[in-house]
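Here is the structure we will look at, set down as structure tokens.
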Protein chains: 2
Amino acid sequence: MSDGFHMTPDEFRRHGQEVVEWVAEYMERVGELPIASTVLPGEIRARLPEAAPEEPEPFAALLRDLDDVVLPGITHWQAPGWFAYFPANASGPSILAELAAAGLGAQGMLWTTSPALTEIEAHVLDWLVDLLGLPAHFKTAVGPGGGVIQMSASDSTHLVHVVARDRAVTGGAPIDRLVAYSSAQAHSSVERGARVAGFSHVRLLDVDTVFALRAGALREAIEQDRAAGLEPTIVTSAVGTTGTGAVDPIADIAAIALEHDLWHHVDAAWAGSAMLCEEQRHHQAGAERADSYTFNPHKWLFTNFDCNVLWVADRAPFIAALSSLPPYLRNAASESGEVIDYRDWHVPLGRRFRALKLWWVLRSYGATGLRHHLREHIALAVELGRRVDAHPRLERVAPVSFALVCLRHVDGNVATDAVAKAINAHSDLLVTPSAIGDMRFIRVAVGQTHTTSEDVERLWKAMTDVI
Amino acid sequence: MSDGFHMTPDEFRRHGQEVVEWVAEYMERVGELPIASTVLPGEIRARLPEAAPEEPEPFAALLRDLDDVVLPGITHWQAPGWFAYFPANASGPSILAELAAAGLGAQGMLWTTSPALTEIEAHVLDWLVDLLGLPAHFKTAVGPGGGVIQMSASDSTHLVHVVARDRAVTGGAPIDRLVAYSSAQAHSSVERGARVAGFSHVRLLDVDTVFALRAGALREAIEQDRAAGLEPTIVTSAVGTTGTGAVDPIADIAAIALEHDLWHHVDAAWAGSAMLCEEQRHHQAGAERADSYTFNPHKWLFTNFDCNVLWVADRAPFIAALSSLPPYLRNAASESGEVIDYRDWHVPLGRRFRALKLWWVLRSYGATGLRHHLREHIALAVELGRRVDAHPRLERVAPVSFALVCLRHVDGNVATDAVAKAINAHSDLLVTPSAIGDMRFIRVAVGQTHTTSEDVERLWKAMTDVI
């Protein structure tokens, strides 16, 4: 039987080198491309044929369309002038790990379906427990906790709401009485995760002047809800909110959660990476008593999306809530109890080899290299914050947090939006305009893999030229 | 400022070619590697250093460990002798699309964060509606339905349970009264998805002699539950169960779902790919009236894991259940209503460019090429089924379904397990032993990208040599 319509290994060699070259050139020119796509709705679709091709197309056509169809519709997250949202960083070793993992095409639903996928994941996440200064019981090799890679922090946050819900329901609480808490500044995934998990009561609590959760507000809400016959079940605290990078009082929340028997989930999706630097760890003091902790190497740790890490302090209830064992998945290794089957750690059954890129990034940069770049980004943000403070027509709206600077024009919303618009009119800069209540402001997230002081200088000039 | 610890574009060129070569060689030798990893629990971890490296390691060390540490722990899903589980196929164009997508590093949470990601995804899924013979209202461009790529069928199944739950609760039903239905042979993800979505009543219904859901059993269960004050909410039907490839009576279930106002979800995770072949479509007659339909190009359509497709007949309730719009995500395109923001179509907020590999696979093979390989796999399975029927000591336990053959030794369980063990003792063959009730059997899933008649011959010889 012939190879039929499959690409042969030799064709793969040739086309693989073409794609590697394409990506290398993309790396070299991404800073010069217009950072934000300017296509209109429907413009990309209009370039595509109405129906799928009946006959095979040559690889050259695919590569050509990467330039002709895809690139005009890309907003360049990898450009060094990227100060928008939070970054979603790629890096050379991470991209190549994606290639190797796709080439292996292994699927790690069970330990036995490729032990390396499970063991490298468990091991590298144990490495990260130490790198982030988290407690040893989060390690799979120590227990009773453990770590797992998920697709996004939203998935992790949703899952812990499911597990906390099941714990409460098993304890006799009616599902429609359960209450989930976070600050009003928590990421939208917290409210969404709670709702998807079936919580009908979600409390978004008051924040203080720096947009951190007020521990007193949490305590009052729990007491009121309990008095009203509801069942306080879970609280999510943030180490670095998306809005302004606010850090909730983790230790106070941990104490309240322990006192009232709530699940305490720490969302450090973006700022978790900064915990590699010991001088930042005071921000998460108290997290060692949390029930779960999540952070995204795919944001600020040079590891391609998707790569979210979730640690739980006790993996038993987690697995109990999510496990299933149909006959076609039974195997000796699972039954021995000596292995981890990650299918029991999330909603999806199948899983690819995402740990490879995390392993390659940690080894390629070394902890030293990662800390170097994280500190560089933080220093750039601190310096930008100083300049804002010194400028008569700009002001910060929150403390510089890790590598996020939130600022506005002193004249108010209209002037602030005009500054944002002026910055984003530069084809090599992108910031995210945002708001808290009626106050408009500009988020400057420093942290794209290749952002340097020159990029921050360009941003500063673009900002100050118009005011 | 220097490049610091980052891999430069030129280093990426060099190492990229090394990884391409490694993958090409892997493709050439995967058939000769021992298909199932034989490492013991903990063996891979024991090869890894206790702590993350402080200093950067050279790329050569990473590549070396791909051979020394990773390969021994890989069970080779891409080997042509893979007849286990269902396949999780890779292919050249798909692997290279993963590389290109990782290189772009774009994140498609909103249309505006990279319009090409959203528009190519929507368009290619519309192509697939036609390729699979599904109704035009599943198309995003036609509506009111639409398609979205998820990580796994488990995610899709979980999500539709959430949406059906919210519809019922909004209609006044208490959440703890809702009931979800499927056959006892449905994939474990159906029960799990329902439980994760908060259903406390899950009915796994009787099957007929070919392991398909009995429509009568569904009707009776609905009537009994309603009489007991419960709220029948959703039914999942299977086009090709995981156990034996059984096809539920989709049209009958569709009629019952319409009559009783249940959400009807069709799970064609594996067999959906076969619908590219018109002669297979009678199996899904009735699916045009379903509320949702899911299939996995990452199983049998030569598109690397992860790539699951979910279509819904009406996207409005789907989006209503899952949307959120914090201020930092607001933008003119979203507010115009002219674009799709896929963040509202699943639990994760972020998303990578998975549509690229699906687009490249459809174009590289063409519909003709895909049908050629699907029909080849099906023909191989049909021929294997004939041989089983003609053999005095083997028997099928279910009809040959698409490309799945389920068989046992006529002497019963012990003899059947011995056959499975004998097959799997060959280092180039892998099958999955399974069971229904007390009956042990062997699942032979034909469909790995490179499986040919020679591989099936080897399997047949291994099977019949020992009986």
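The values are calculated or read from the model by the stated rules, or taken from the named source; none is laboratory data. On a predicted model such as this, the values are computed, not experimentally measured, just so you know. We place every Cβ from the backbone using ideal geometry, glycine too, and count neighbours over all the protein chains shown. SASA here: full protein model, heavy atoms, side chains in, ligands and nucleic acids out. Shrake-Rupley method; radii C 1.70, N 1.55, O 1.52, S 1.80 Å.
Structural remarks
- From A:VAL410, A:VAL339, A:VAL397, residue being among the β-branched types (Val, Ile, Thr) and closer than 23 Å to A:PHE86 by Cα: A:VAL397
- Meeting the requirement of 2 or more residues that are of a type in the set (Val, Ile, Thr), the strands (runs of 3 or more DSSP E) wholly within the range B:385-467 are B:430-436, B:439-445.
- Residue selected from the range B:180-206 under the condition touching a Phe, Trp or Tyr at 6+ places or on another chain (Cβ under 7 Å) and touching a residue at least 40 places away in the same chain (Cβ under 8 Å), by the criterion nearest to B:HIS264 (Cα to Cα): B:ALA180
- In the condition set (1) of a type in the set (Gly, Ala, Ser); (2) touching a Leu at 6+ places or on another chain (Cβ under 8 Å); (3) surrounded by fewer than 23 Cβ atoms within 10 Å (Cβ to Cβ), B:ALA403 is compliant with all but (3).
- For the range A:348-393, the candidate set comprises residues that are charged (D, E, K, R), more than 30 Å from B:ALA194 (Cα to Cα) and at the interface with chain B (Cβ under 8 Å from one of its Cβ atoms); within that set, the residue that is most open to solvent (accessible area, probe 1.4 Å) is A:GLU376.
- Number of residues in the range A:97-110 that are more than 7 Å from chain B (Cβ to nearest Cβ) and more than 20 Å from A:HIS298 (Cβ to Cβ): the value is 2.
- Some residue of the range B:137-147 being assigned to a helix (DSSP H, G or I) and more than 25 Å from A:LEU66 (Cβ to Cβ): yes
- Some residue of the range A:7-28 being assigned to a loop (DSSP other than H, G, I, E, B) and buried (at least 18 other Cβ atoms within 10 Å of the Cβ): yes
- Pairs with Cβ under 9 Å, 6+ apart, first in the range A:1-21 and closer than 16 Å to B:LEU370 by Cβ, second crowded, with 16+ Cβ neighbours inside 10 Å and charged (D, E, K, R): A:GLY4/B:GLU376
- Pair list, Cβ < 9 Å and 6+ apart or interchain, from the range B:35-46 residues that are free of Cβ contacts under 8 Å to residues at least 24 places away in the same chain to residues that are of a type in the set (Val, Ile, Thr): B:PRO41/A:VAL339; B:GLY42/A:VAL339; B:ARG45/A:ILE120
- Count - residues of the range B:29-57 that are in a loop (DSSP other than H, G, I, E, B) and more than 26 Å from B:ALA90 (Cβ to Cβ): 12
- Restricting the range B:70-84 to residues that are open to solvent by 10 Å² or more (accessible area, probe 1.4 Å) and in a helix (DSSP H, G or I), the residue that is farthest from B:MET27 (Cα to Cα): B:PRO72
- Qualifying residue in the range B:398-419 (condition: among the basic types (Lys, Arg), within 12 Å of chain A (Cβ to nearest Cβ) and more than 22 Å from the chain's Cα centre (by Cα)): no
- Residue match in the range B:296-310 (condition: more than 14 Å from chain A (Cβ to nearest Cβ) and open to solvent by 40 Å² or more (accessible area, probe 1.4 Å)): no
- Taking the conditions (1) open to solvent by less than 10 Å² (accessible area, probe 1.4 Å); (2) outside any helix (DSSP H, G or I); (3) farther than 17 Å from B:GLY272 by Cβ in turn, B:HIS161 satisfies each one other than (2).
- Residues that are within 11 Å of chain A (Cβ to nearest Cβ) and aliphatic (A, V, I, L, M), drawn from the range B:174-193: B:ILE175, B:LEU178, B:ALA184, B:ALA186, B:VAL190
- Selected residue (only one of A:ARG408, A:ARG396 is surrounded by fewer than 18 Cβ atoms within 10 Å (Cβ to Cβ), touching a strand residue (DSSP E or B) at 6+ places or on another chain (Cβ under 6 Å) and of a type outside the set (S, T, N, Q)): A:ARG396
- The range B:431-457 residues that are facing another protein chain (nearest Cβ under 10 Å) and among the β-branched types (Val, Ile, Thr), paired with ones that are assigned to a loop (DSSP other than H, G, I, E, B) and open to solvent by 10 Å² or more (accessible area, probe 1.4 Å) (beta carbon under 6 Å, 6 or more apart): B:THR432/B:TYR85; B:THR451/B:PRO80; B:THR452/A:MET1
- Test result for B:HIS426, free of Cβ contacts under 8 Å to residues at least 60 places away in the same chain and either surrounded by 19 or more Cβ atoms within 10 Å (Cβ to Cβ) or more than 21 Å from B:VAL210 (Cβ to Cβ) (or both): no
- Per this entry, B:THR118 is counted among residues that are of a type in the set (Ser, Thr, Tyr), in contact (Cβ under 8 Å) with a residue 60 or more places away in the chain, surrounded by 24 or more Cβ atoms within 10 Å (Cβ to Cβ) and in contact with a helix residue (DSSP H, G or I) (Cβ under 6 Å, 6 or more places away or on another chain).
Listed here are the residues, each with its yes/no results for (1) more than 25 Å from the chain's Cα centre (by Cα); (2) modelled with pLDDT of 95 or more.
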| residue | (1), (2) |
| --- | --- |
| B:LEU358 | no, yes |
| B:LEU384 | no, yes |
| B:PRO392 | yes, yes |
| B:ILE436 | no, no |
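- Among the residues listed as A:ALA90, A:ALA84, A:ALA79, the single one being among the aliphatic types (A, V, I, L, M) and more than 20 Å from B:HIS6 (Cα to Cα): A:ALA84
- Qualifying residue in the range A:125-146 (condition: touching a strand residue (DSSP E or B) at 6+ places or on another chain (Cβ under 6 Å) and open to solvent by 10 Å² or more (accessible area, probe 1.4 Å)): yes
- Only strands (runs of 3 or more DSSP E) whose full extent lies in the range B:177-286 are considered here, and the ones with at least 2 residues that are open to solvent by less than 10 Å² (accessible area, probe 1.4 Å) and at pLDDT 95 or above are B:178-183, B:231-238, B:263-267.
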